[in-house]
Each structure stands twice: as C-alpha cells, then as structure tokens.
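*Asks:* Sharing a structure, written as structure tokens. Questions coming.
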Amino acid sequence: QRRDRALPVAVGALCRALPPCARPAPDALRRARFDRPQASLDFWRLLYALLKQIQGGKWTESDAIDNQIRFVKWALWYHGYGRAELYRLPSDGSAGSRELLLAFSWLLHRLSLLEQLLARNRVKTGDETSVCTCEDDLPISQKGTTEIAPECGPEDRVDVRYLQWLNGRLRFQWRSLHAQHQEQCKLLHKIHLFTSGSHMDQILGHFSVTETDLVGQPENYKQLLQLLESETMQLEAFLQWKQLEPVYWQWMETVLDNAVEEGNMCESQDAHIEKSELPKVTSCCPWADRLTGQIDRLSRDLMTLHDQLHKLVTHRKASWCEKVKTRKEELQKEGFSATARKIQKSVELKLLDLTHLCAQKKNKMHGSCRLVFRSKHPASNTGLGRSVSKEPASAVSATEMIRELQMREASLERELKQLQEECRRRLDEIAEGLDGVICISP
C-alpha cells in the first residue's frame, strides 16, 4: 500500500523532470502499463523528442508519424536496445504502448537519460564550451547490436564512390565548422577584452555573452528569469525522482513480468495452431530410398573434397613457411640493424603511450567548462575553469590543453600509420597469391 501511494508521486516527479517540450502526462504511463493502444502515439512522440535531443538534432511536431517511428527504432538499435518485439511494432503507431514504456525505462537506466537532458538543456549564463580529453572505448551497449536491425536499415550494398563523396562532404563541413568556431572564439575574446574590469566579481573580471546582451537589452531579463525558474523546477523534480526511483523500478518489474507472461501465452497458442495444421506424414514414401542414396553419394563426395582441400592447405602452409623462413634470413643478412631500430622505436612509443595512459587522471577533463579571460599579467594565465575560484586547481590553462590535444593527435597518427602498414602488408600478401595480376602500390 505504501508503494502504491508513492508510485504516482514518483511518476509525477519523473514527468516533471523531463524537458517541457517532451513532458508526458503521468496517466500515459499507467495506460501503457496495461498496453492501451491510446497511449502508443504519445509514447512514440515522447521517444522521438527525447532521442532527437540526445542525438543533438532538431525536431518538429509536424514530422510524419512514420518518420518518427523509423527514427526511434533506428536510435534505439544504435544505442543497443535488443528487445525484438519493439522492432516488430507497426509503423502507424496503433499498438505497442507497453513495449514503448519498457524502451523508455531502458533509456532511463542505460543512458542516464534525465542526467543527459538536464545537462544539455540547462540555461547557460556564462561562456561555456565542451571539453573532453578522455579516450573512452566504444560503450558496451553498442557492441553486438548488429543482430537486430530496424526496418530502416540499408538493404542494398552502397557504392564506394558514394561513400567517397560522403567523406569529402563531411571533411568540407568539418572545415567550415572549424572556421566558424575560430570566428566565434575571436568575437568572444573581444567581448571579454572590452568588458574586462566591469564585473562585480573581481576574480572573473569580465561579462559573459549573456550578461553583455542583458546590458544592451535589459528587457530580456524576464525571459531569462522564466528559463531559470523552469530549470529550477526541473531540478527539484529530479531530486524528488531520485528519492522515489526504487519504487518506479519495482513497478517496472511487474510490467516486464506481465509482458513476458503474455508473450509466452501467445507463443504457446501459435505453437498449438502450427502443430494442429501440420500435415500427417504417410509411412510409405516411394522416393525416400532414392533421396537417401543421393544424400549418401553427396556425403562421400564432400568427404573426398575435404581430404583434397586438407592436403592442399597443408602443402600451401609448408610453402608459405619456407618463404617466410627465407625472407627472415634475408632480412637478418641485409637490414637486421635497421629492423631492430624500428622495433625499438615502436616499443618506446608504446611505452610512452602506456606511461601517458597510466598517469594520474586529474588532467582528464570531460564536460562543460566556462571560458574565462586572463590577462598576460604574471599573476594569472589564460585558462579554462570549471568554476571561478581562487584555487588554481579548478582551472587548466589553454597551453596545457593544447599540449594534451597534441599528444592525443600524435598517438592517433601513430595508430593510423600502423593500421595503414598492416593493410598494405595484407594487400601485398593477397596480391602474391593472384596469378597474372600486377599490383602497383600508391
């Protein structure tokens, strides 16, 4: 009874913690729990709006429902959602509200959905930028996600020339984005420089873009105040949700149990129908003996081919081993010292990378940081700070950041060259096995 009373409060806090543009009614979750078709469209739109924000794209309510459903299936598959029942839902949004509720809850737990949305949609009163010096591997949720593909996946093979065109277009857009970012940094530097010494906080010393805009247009403070109040309400709802979150997951366990029970019942009914519709096989099959004889002959032929292939592979392997041994002797005679120096250099680079990876992670920055202008006075350096404070530990200089990124660039370039050498060596091995083909290296 206590849980039943706390559940509506937890659901209400969850809905209020979501962005206002994608905030469902608490009653929609209750209808989805009983798989009501009336809640399906609402949940498709909810997931579409949330995933669009997570992916960093723009969305409008006027998008066709089939396009929204296609995007939601693709995005869930990309993030590693492996429940096949969702990808079988109809594209008109007429059913599947319970499956969508399960997918929504999976996003809450797996991707920390609320935390990401609050970080993305928070009101930026300062000049902030995103900084990441981490070298994270591919998330576990994205490994092994090729088993279940949504209906929007490519069915035909893509032409290589089209991929080259896409790569060139991506490179051009990347250069354009870099140029725009440089221009933005120049303008931001001018604002910080011209407003230096005008801020009440002497440690900060200058206005941000938002504060400069408010000085020029004071009437905009009402809109900023409304945004801050809305964000405060979301944060309060989030704190309430974190206190009542266990109640929600206990409720979701019952929802999942009901879905599994109904799925087992449907499977048993389908199996019963299929079993009843199976034709009775007669004991007399005049073509059975002839088919068995053909199978026996094919088995003998396959065994013969297997033996021949085994002998051929053994011969080829011995030949390759002899070639490798000969080549090794030639290398030892000709360029053993050069090869040794190359190996030693490679080992030193690997050890340097290992030392860099095993170093303390205090310099590893990830998240949003505020850009703060520092003059060339000896007492202060140009820096990036997570928060404005007198302690130097809370800031990192731009020089240090550039050095960190340069080390990362050098590491990636070394890895790229190694991969290119491996691909070139592999292509040479394949080309040697082709008769009458001449391959010229680029």
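*Asks:* Starting from residues that are over 30 Å from SER105 (Cβ atoms) and touching a Gly at 6+ places or on another chain (Cβ under 9 Å), keep the ones in the stretch 208-242 and report whichever is surrounded by the fewest Cβ atoms within 10 Å (Cβ to Cβ).
*Replies:* THR210
*Asks:* Same structure again: Which residue out of GLN240, GLN234, GLN226, GLN294 is farther than 30 Å from LEU371 by Cα, at pLDDT 85 or above and part of a helix (DSSP H, G or I)?
*Replies:* GLN240
*Asks:* Can you give me the ranges of the helices (runs of 4 or more DSSP H) entirely in the stretch 6-117 with at least 1 residues that are under 17 Å from the mean Cα position of the chain (by Cα)? Talk me through it step by step, then tell me what you get.
*Replies:* Values: elements: 26-33, 40-55, 65-79, 84-87, 97-110.
Here the list reads 40-55, 65-79, 97-110.
*Asks:* Another question, then. Return the residues of the stretch 160-206 that are of a type in the set (A, V, I, L, M, F, W, C) and not in a helix (DSSP H, G or I); say none if nothing qualifies.
*Replies:* Going residue by residue through the stretch 160-206, those that are of a type in the set (A, V, I, L, M, F, W, C) are 160, 163, 165-166, 170, 172, 174, 177, 179, 185, 187-188, 191, 193-194, 200, 203-204.
MET200, ILE203, LEU204, listed by residue number.
*Asks:* Could you list all residues from the stretch 1-20 that are open to solvent by less than 70 Å² (accessible area, probe 1.4 Å) and of a type outside the set (Val, Ile, Thr)? Step through it out loud before you land on a result.
*Replies:* Filtering the stretch 1-20 for residues open to solvent by less than 70 Å² (accessible area, probe 1.4 Å) gives 6-7, 9-15, 17-19.
Result: ALA6, LEU7, ALA10, GLY12, ALA13, LEU14, CYS15, ALA17, LEU18, PRO19.
*Asks:* Would you mind telling me which numbered condition in (1) open to solvent by 60 Å² or more (accessible area, probe 1.4 Å); (2) in contact with a Lys or Arg (Cβ under 8 Å, 6 or more places away or on another chain); (3) modelled with pLDDT of 90 or more GLU151 fails?
*Replies:* Looking at each condition in turn, GLU151 falls short on (3).
*Asks:* Another one. Within the stretch 105-116, is even one residue at pLDDT 85 or above, among the hydrophobic types (A, V, I, L, M, F, W, C) and within 30 Å of HIS189 (Cα to Cα)? Even if it seems obvious, please write down each step before you answer.
*Replies:* If we filter the stretch 105-116 for residues that are at pLDDT 85 or above, which is where we start, we get 105-116.
Adding the requirement that they be among the hydrophobic types (A, V, I, L, M, F, W, C) leaves 106-108, 111, 113-114.
Retained after the next criterion (residues that are within 30 Å of HIS189 (Cα to Cα)): none.
No, the stretch 105-116 contains no residue that is at pLDDT 85 or above, among the hydrophobic types (A, V, I, L, M, F, W, C) and within 30 Å of HIS189 (Cα to Cα).
*Asks:* Next question, about the same structure. Within the stretch 188-206, take every residue that is among the hydrophobic types (A, V, I, L, M, F, W, C) and surrounded by 10 or more Cβ atoms within 10 Å (Cβ to Cβ) and give me the one that is farthest from GLY216 (Cα to Cα). Explain how you work it out, then say what you get.
*Replies:* Within the stretch 188-206, the subset among the hydrophobic types (A, V, I, L, M, F, W, C) is 188, 191, 193-194, 200, 203-204.
Now drop any that are not surrounded by 10 or more Cβ atoms within 10 Å (Cβ to Cβ), which leaves 188, 191, 193-194, 203-204.
Working: LEU188: 16, ILE191: 13, LEU193: 17, PHE194: 14, ILE203: 23, LEU204: 20 Å.
Step by step, filter the stretch 188-206, then rank; the result is ILE203.
The values are calculated or read from the model by the stated rules, or taken from the named source; none is laboratory data. The structure displayed is predicted, hence computed values, not measured ones. Cβ sites come from the backbone with ideal geometry, for glycine too, and all protein chains shown count toward neighbours. Please note that ligands, DNA and RNA were not included when accessible areas were found on the heavy atoms of the full protein model with its side chains. Shrake-Rupley method; radii C 1.70, N 1.55, O 1.52, S 1.80 Å.
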